[in-house]
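Here the structure is laid out as structure tokens; the discussion comes afterwards.
No value in this document is a laboratory result; all are computed from the given coordinates. These numbers come from a predicted model, not from an experiment. Please note: Cβ atoms are built from the backbone with ideal geometry, for glycine as well, and neighbour counts cover all protein chains shown.
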Amino acid sequence: MTVVMLLLLALLVAGVFYVVRIYNGLVALRENVRKAWSNIDVLLTQRHDELPKLVETCKQYMTYEQETLERVMQARAAVFAARDRGDITALGAAEEQLRQGLGRLFAVAENYPELKADQSFRHLQSRISELEEAIADRRELYNEAVNLNNIRIQTFPDLIIARMFDFKESPLLEFSEEQRRDVDLSKLFH
């Protein structure tokens, strides 16, 4: 009887270790999603801080383009609000509006040679473009972390542990077909 008890005890211990291993794996995936989002958040904050400087620099030269400048600032506010709420879907839409607004702003800036020659404008334009590229890279990493997390939460036997401990799926940062299309620069000049 002691052999049976030892065997049952060994199975119980192995089962506990297996559950702990699954739980720890799910925690690691969840934290990778949070880390990936934090990396995006850092870049969004940096861009958020640079945009008012860009708009102020442009205001000095663009006396007739106030609507363009206001659109950029409204889109900036929408991105910040969606980010603060943690609303990934709204963030995607707001990001697209900001991207279009910046595209229009940079296109309109072509009509102002003094602005294009301004060292501050060129620096800010370059900085914001770099941040845009970094945000796009981080989006890809975020979506990969979310995908790994969501697959694992839906896969047996991990889904049992995930449900027991209330692990949730994370939303992908996705864009509509319209948002993925290239910006039509000819429309930006009208």
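Structure notes:
- For the chain, the pair-distance distribution built from all alpha carbon pairs, in bins 10 Å wide starting at 0, is 8, 28, 24, 15, 10, 7, 4, 2, 1, 0 percent.
- Qualifying chymotrypsin sites (Phe, Trp or Tyr not before Pro) in segment 41-81, DSSP loop, other Cβ atoms within 10 Å at most 12: Y64
- Between L6 and L148, the C-beta separation translates, for a Förster distance of 30 Å, into a calculated FRET efficiency of about 0.20.
- Whole-angstrom gap from segment 81-128 to segment 34-78, using each part's C-alpha centre: 6
- Computed over segment 21-188: relative contact order in percent, which uses C-alpha pairs under 8 Å that are six or more apart: 34
- Geometric extent, Cα atoms of segment 46-106 - Rg, Dmax (angstrom): 11.7, 36
- Excluding exposed DSSP-loop trypsin sites (Lys or Arg not before Pro) (at most 15 other C-beta within 10 Å), longest clean stretch of the chain: 1-167
- Computed per residue of the chain from DSSP H runs no shorter than four, each worth -39500 (n - 2.57), the mean residue ellipticity at 222 nm is -28000 deg cm²/dmol.
- If you take all other residues with their beta carbon under 12 Å from the beta carbon of H123, and give Lys and Arg +1 and Asp and Glu -1, the sum is 0.
- Lys pairs, segment 21-188 - Cα-Cα below 29 angstrom, 8 or more residues apart or on other chains: 7
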